[in-house]
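FYI, it's all coordinate maths here, none of it is from the lab. Treat the numbers as computed from the prediction; the structure is a model and nothing was measured. So basically every Cβ, Gly included, is an ideal-geometry build from the backbone, and we count neighbours across all protein chains shown.
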Number of protein chains: 2
Amino acid sequence: MADRGPRKDPPRLTARGAATRDRIVATASDLMFRQGVAATTLDQVVDACGISKSQLYHYFPDKEALIAEVIAMRKHRMVSAHKPQLDQVRSMRDLERWRDWLVTSRRERGEPYRCPIGSLANELSCRHDDARRSLAAVFDTWQGLLADGLARMRDSGELDPGTDPRELAVAVIAALQGGYLLAETMQDERPLAVALDMALDHVKAHVRIPVADLTQSDT
Amino acid sequence: MADRGPRKDPPRLTARGAATRDRIVATASDLMFRQGVAATTLDQVVDACGISKSQLYHYFPDKEALIAEVIAMRKHRMVSAHKPQLDQVRSMRDLERWRDWLVTSRRERGEPYRCPIGSLANELSCRHDDARRSLAAVFDTWQGLLADGLARMRDSGELDPGTDPRELAVAVIAALQGGYLLAETMQDERPLAVALDMALDHVKAHVRIPVADLTQSDT
């Protein structure tokens, strides 16, 4: 349960049942991350879990139900990974730390530059409207975590009072998504770094210049 | 042929054979755009074309061969759509025209905010290394078209002499890709507009400020 997002289990699910259910979702999520959603069959999930197909159907009536839980799990993991960092954002330096972590953590773990949220959104948004809505909500949560940090920077006077934290956050997450896609396709972290540097420069353009500095430039 | 990129046809393909082949690729491209690559079966392509499966296999030994041609067709279409505009880029105003076209053309045609190149890259890069390489080359071409325009702006003195057109182009295409993804998921063109505005502001930050303007600001 610790690895999952909040959800309603069927009331009579035993601890062992809940563990099996979670294992199915984690396995499906992993297969879908590595090979895509449509390319992942329920037979592959069953084989990888070492369970029977009837066991799978006991927990999930169909693939759509399983996909919904994969989205919930990935949302939970995204929040778990990003919230502790974004909750600390009070300055450009904090944002730069988050940027560095985004660029280096995949490399350090030997993982592909592939966004667990963005890759689902790309594949599902055109075909499954329920999934699309769920993923739009995940992006909204993600942008909200970042916008809260940007709002703190604005309210403390670091960013210009006219700054729109939500709009800035949308731009930064777009840069992150595009950076991931190019980095994965090029198998090179550079496009991700370049895209995030553009995004941080965009935030920096809203940094409030103290009046003292403005007058200094005339001297 | 007019609608396709350069490729080697089997030498004995008749005009009618070439037309059938092109129709198969266009149909497959359309199905894959609307529902994804893995979700598109050869049976669906055959049905939509009104041909037999043995006819399909006459032109394409397998799905991978068909995917390779879909990539080539989309590359050709991307170049056909973007090159005439990017070849004209000599100023920020030209870039803004391209940005406006990117945001409004989908809306006007009632098409989803889905990049024909980016959506393939997202789905194929993790599974098919040949396709990934081809798509990396498509992004490289796209960035090159944009970088050429940015280089003209630099060489004419509009952009700072230290500007790296290639790096700027990577950032802009990343913003475009992320903007598409968020716009499609949110079913809202706003994230695409916000991402492209960030990208153009990023270019604008490299606009050379004439010395006359610098001294004027002191008066």
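Give me the lysines in straight-line cross-link reach of A:Lys63: C-alpha distance below 21 Å, same-chain residues under 8 apart excluded.
Cα-Cα hits under 21 Å: A:Lys8, A:Lys53, A:Lys75.
Run lengths n ≥ 4 of DSSP H only: what is the helix-derived mean residue ellipticity at 222 nm for chain B, with -39500 (n - 2.57) per run over all residues, to the nearest 500?
Value at 222 nm, helices only: -23500 deg cm²/dmol.
Can you list the distances in nanometres, one decimal and ascending, from the A:Pro112 label point to the identical position in each other copy, with the point 7 Å along Cα to Cβ?
Between copies, matching label points for A:Pro112 lie 2.0 nm apart.
Let's test the formula: R0 of 25 Å, r as the Cβ-Cβ distance of B:Asp130 and A:Arg34. What FRET efficiency results, to the nearest 0.05?
0.90
For the pair A:Asp160 and A:Ala137, what calculated FRET efficiency results from E = 1/(1 + (r/R0)^6), where r is the Cβ-Cβ distance and R0 = 25 Å, to the nearest 0.05?
Computed FRET efficiency for A:Ala137 and A:Asp160 comes out at 0.25.
Give me the inter-chain shielding for B:114-121: mean count of other chain Cβ atoms within 10 Å, whole number please.
Numbers: counts 3, 3, 0, 2, 6, 5, 2, 6.
Per residue, the average neighbour count from other chains is 3.
Per the Kirkwood treatment, what hydrodynamic radius in Å, one decimal, follows for the stretch B:68-212 from the mean inverse distance over all distinct Cα pairs?
15.8 Å
Each residue of the stretch A:74-79 in order: what ³J(HN,Hα) in whole Hz does its phi give by Karplus 6.51 cos²θ - 1.76 cosθ + 1.60, θ = phi - 60°, with x for Gly and Pro?
5, 4, 4, 5, 4, 5
Using amide H atoms built 1.01 Å from N in the peptide plane, name the residues 5+ places from B:Cys126, or on other chains, whose amide H lies under 5 Å from its own.
Distant-sequence amide H within range of B:Cys126: zero hits.
Can you give me the pair-distance distribution of the stretch B:65-111, C-alpha pairs, 5 Å bins, whole percents?
Distribution as computed: 5, 19, 19, 21, 17, 11, 6, 2, 0 percent.
Where does each of A:Ser125, B:Ser156 land when they are ranked from fewest to most other beta-carbon atoms within 10 angstrom?
Final ranking by Cβ density, sparse to dense: B:Ser156, A:Ser125.
With θ set to phi - 60°, apply the Karplus curve 6.51 cos²θ - 1.76 cosθ + 1.60 along the stretch B:124-133 and write out the HN-Hα couplings as whole Hz, x wherever there is a Gly or Pro.
Values, residue by residue: 9, 4, 7, 10, 10, 5, 4, 5, 4, 4 Hz.
Counting partner chain Cβ atoms within 10 Å of every residue's Cβ in B:34-46, what's the average?
Taking the mean over all residues of the peptide, I get 3.
Ordered by residue, what ³J(HN,Hα) values in Hz, to whole numbers, does the stretch A:17-24 give under the Karplus form 6.51 cos²θ - 1.76 cosθ + 1.60, where θ = phi - 60° and Gly and Pro are x?
These are the phi-based 3J(HN,Hα) values: x, 5, 5, 4, 4, 5, 5, 4 Hz.
Given R₀ = 41 Å, what would the calculated FRET efficiency be for A:Gln187 paired with B:Ala15, taking r from the Cβ atoms and rounding to 0.05?
Numbers: r = 40 Å, r/R0 = 0.98.
E between A:Gln187 and B:Ala15, to the nearest 0.05, is 0.55.
Between B:Gln55 and B:Gln88, what length in nm is gained on full extension when 0.36 nm per residue of separation is reduced by their alpha carbon distance?
Working: separation 33, 0.36 × 33 = 11.88 nm, distance 4.29 nm.
Additional length available on full extension: 7.6 nm.
To the nearest 10 degrees, how steeply does helix B:190-204 sit against the main Cα axis of chain B, on a 0 to 90 scale?
Roughly 50 degrees between the two axes.
Roughly how tilted is helix A:92-109, in degrees to the nearest 10 and between 0 and 90, from the longest Cα axis of chain A?
Tilt relative to chain A: about 40 degrees.
Tell me, B:Met198, B:Met92, B:Met32 in order of fewest to most beta-carbon neighbours within 10 Å?
By the 10 Å Cβ count, ascending, the order reads B:Met92, B:Met32, B:Met198.
Collect residues whose amide H, placed 1.01 Å from N in the peptide plane, falls under 5 Å from the amide H of B:Leu159; neighbours closer than 5 in sequence don't count.
So B:Leu159 has HN proximity to B:Arg154, B:Arg208.
Just rank A:Thr20, B:Thr41, A:Thr185, fewest to most, by other beta-carbon atoms within 10 angstrom.
Final ranking by Cβ density, sparse to dense: B:Thr41, A:Thr20, A:Thr185.
Mind grabbing the base-10 log of I(q)/I(0) for the protein assembly as shown at q = 0.10, 0.13 Å⁻¹? Debye formula, identical points on the C-alpha positions, no solvent, two decimal places.
For the protein assembly as shown, the Cα-only Debye profile gives -0.77, -1.21.
Considering every residue in A:159-167, what mean count of other chain Cβ atoms within 10 Å of its Cβ is obtained?
So the per-residue partner count for this stretch is 1.
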